[in-house]
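No lab work stands behind these numbers, since they all come straight from the coordinates. Quick caveat: nothing in here was measured; it's all calculated off a predicted structure. Here the Cβ is made from the backbone with ideal geometry for all residues, glycine too, and neighbour counts use every protein chain on show.
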Amino acid sequence: MANTPGAKKAVRKIARRTEVNTARRSRVRTYLRKFQEALTSGDKTAATAAFVKAQSELMRAVTKGVVHKNTGSRKVSRLAAQLKKLSA
C-alpha cells in the first residue's frame, strides 16, 4: 500500500493512464475486427477502406505508447499482405 503522498499520487496517475490506454487498445481491436469482417465478406472496396482506418488507428496507438513501434508496423504489414491476397 502506498504511504507517501508521492506514491499515492502515482497510484492515481497510473489508474487514469490505465483506463485511457485500455480504451485506446479496445479502439484498435475494434478497427482490426472491422477489417477482418470486410476481408471475409470479400468486398475489396470495403476492405480497403477498413484497412486505411485500421492502419491509422494502429499508428496512432504507436504514437500514444499503447503499442510498440515494431508491433504496430508488423500488424500493418500483415494486414496489407491479407488485403493484397484478396485482390490477387
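Odds and ends about this structure:
- Sites ALA7 and ARG33, calculated FRET efficiency, Cβ-Cβ separation with R0 41 Å, nearest 0.05: 0.60
- In order along region 8-25, the Karplus-derived 3J(HN,Hα) couplings, from 6.51 cos²θ - 1.76 cosθ + 1.60 at θ = phi - 60°, round to 5, 5, 4, 4, 5, 5, 4, 4, 5, 5, 4, 5, 5, 5, 5, 5, 5, 5 Hz, and Gly and Pro are given as x.
- Spatially proximal aspartates and glutamates relative to LYS85 (Cα-Cα < 17 Å; intrachain offsets below 8 disregarded): GLU37, ASP43
- Each residue of region 42-51 was assigned a 3J(HN,Hα) from its phi angle through the Karplus expression (A = 6.51, B = -1.76, C = 1.60, θ = phi - 60°), giving x, 7, 5, 5, 5, 5, 5, 5, 5, 5 Hz with x at Gly and Pro.
- Between the alpha-carbon centres of region 51-86 and region 9-42 there is a gap of 13 Å.
- Helix 69-87 vs. the chain, principal-axis angle (Cα, 0 to 90°, nearest 10): 20
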